[in-house]
1. Right, Ile36: more than 23 Å from Tyr120 (Cα to Cα) and modelled with pLDDT of 90 or more or not?
2. Would you be able to tell me the number of residues in the stretch 44-65 that are without any contact (Cβ under 8 Å) to a residue 60 or more places away in the chain, loosely packed, with under 12 Cβ neighbours inside 10 Å and not small (Gly, Ala, Ser)?
3. Give all pairs with beta carbons closer than 7 Å in which a residue from the stretch 214-227 that is without any contact (Cβ under 8 Å) to a residue 40 or more places away in the chain and farther than 15 Å from Gly152 by Cα meets a residue that is among the hydroxyl-bearing types (Ser, Thr, Tyr) and surrounded by 15 or more Cβ atoms within 10 Å (Cβ to Cβ); count only pairs at least 6 apart in sequence or on separate chains.
4. Ala20 fails exactly one of the following numbered conditions: (1) in contact (Cβ under 8 Å) with a residue 40 or more places away in the chain; (2) farther than 20 Å from Asn118 by Cα; (3) not basic (Lys, Arg). What is the number of that condition?
5. Any residue in the stretch 160-170 that is under 18 Å from Gly96 (Cα atoms) and surrounded by 18 or more Cβ atoms within 10 Å (Cβ to Cβ)?
6. Is it the case that Gln205 is of a type outside the set (Phe, Trp, Tyr), at positive phi and in the same structural domain as Ile232 (by TED's automatic domain parsing)?
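The values are calculated or read from the model by the stated rules, or taken from the named source; none is laboratory data. Note that the coordinates shown come from a computational prediction; the quantities given were computed from them, not determined experimentally. In this analysis, Cβ positions are derived from the backbone assuming ideal geometry, glycine residues included, and neighbour counts consider all displayed protein chains.
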Amino acid sequence: MEIEQSAFVLHSRPYRETSALVTFFSPDYGKFNGIIRGVRGGRKTASQKSALLQPFQLLTIQWRERANKSSDLVSIQQFERADVHFPLTGEASICGLYLNELLYRLLFTKIGVGVLFNDYQQTLYQLLAAHNRAEQAWSLRQFECHLLNELGQGIVCDTDLKEQPIKAKANYYFYPETGAINVEQDGLKTGIPIQGSSLLALAEQRYSEDALPDLKRLLRTVLTQYLGEKPIMTRQLFK
């Protein structure tokens with residue numbers, strides 16, 4: 001069966017003498033690995049093919065799905081540049097690579113993620129249009145929430161663990177397993193400290209520069225539970 005998909009490149013590395021092993025991100029197949037032959041070596045055609053395998057460039061790729069195969073690896077037969085491209089540079093490019101690393105590390109193989117695929121493109125557009133670091137950071141926090149939702153680990157930000165509405169002027173401790181609790185009602189006080197106004201900004205998807213430190217601490221802690229001890233490499237580039 002011939003399959004055609006729109007896809008972005010998440011990761012690429014050399015494979016044997018003239019090929020590349022590429023991790024793609026597509027709406028119907030999510031994250032998956034494919035071999036592309038003839039993209040390495042001294043030939044002009046190899047350089048032209050390799051130039052297409054860049055981050056943030058939407059591709060149209062084709063492969064043949066074989067029945068009863070024992071590997072999830074696909075052999076890409078054709079690929080070409082699509083009309084969509086996000087020419088991120090500087091810090092915006094680092095932000096985009098951070099998104100790619102999250103997807104590469106956290107997504108399961110060959111599970112459709114159509115909504116998240118659209119969220120990814122929207123986030124790249126926001127990074128391209130951002131005027132400063134704060135706007136970039138807000139776009140990243142929103143995408144992290146979208147990704148957690150896709151993983152079935154969404155954060156409840158509008159009510160506390162007692163199902164009471166979050167109050168903007170109250171302070172809370174957030175526990176990833178259960179949710180937020182007012183500091184005055186929490187006997188443990190070992191959760192992630194966060195202001196109610198920050199939780200509401202995230203719940204309402206309402207830009208708030210003041211909420212960014214709270215949300216960065218919250219989402220980094222939650223994501224670490226799924227990423228494990230291995231650090232996110234692109235975070236080092238922000239320093």
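1. When the stated conditions are applied, Ile36 passes them.
2. Qualifying residue count, the stretch 44-65: 3.
3. Pairs that qualify, where the first residue is without any contact (Cβ under 8 Å) to a residue 40 or more places away in the chain and farther than 15 Å from Gly152 by Cα and the partner is among the hydroxyl-bearing types (Ser, Thr, Tyr) and surrounded by 15 or more Cβ atoms within 10 Å (Cβ to Cβ), are Asp214/Ser198.
4. (1)
5. Taking every residue of the stretch 160-170 in turn, none turns out to be under 18 Å from Gly96 (Cα atoms) and surrounded by 18 or more Cβ atoms within 10 Å (Cβ to Cβ).
6. Working: of a type outside the set (Phe, Trp, Tyr): yes; at positive phi: yes; in the same structural domain as Ile232 (by TED's automatic domain parsing): yes.
In short, yes.
Each row is one residue, and each column tells you yes or no for (1) under 19 Å from Asn33 (Cβ atoms); (2) surrounded by 14 or more Cβ atoms within 10 Å (Cβ to Cβ); (3) of a type outside the set (Ser, Thr, Tyr).
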{"site": "Ile76", "(1), (2), (3)": "yes, yes, yes"}
{"site": "Asp83", "(1), (2), (3)": "no, no, yes"}
{"site": "Phe108", "(1), (2), (3)": "yes, no, yes"}
{"site": "Val113", "(1), (2), (3)": "yes, yes, yes"}
{"site": "Leu116", "(1), (2), (3)": "yes, yes, yes"}
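Residues checked against (1) out of contact with any Lys or Arg (no Cβ under 8 Å at 6 or more places or on another chain); (2) of a type in the set (Asp, Glu); (3) modelled with pLDDT of 85 or more:
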site	(1), (2), (3)
Phe8	yes, no, yes
Phe25	no, no, yes
Ser47	yes, no, no
Ser50	no, no, no
Gln54	yes, no, yes
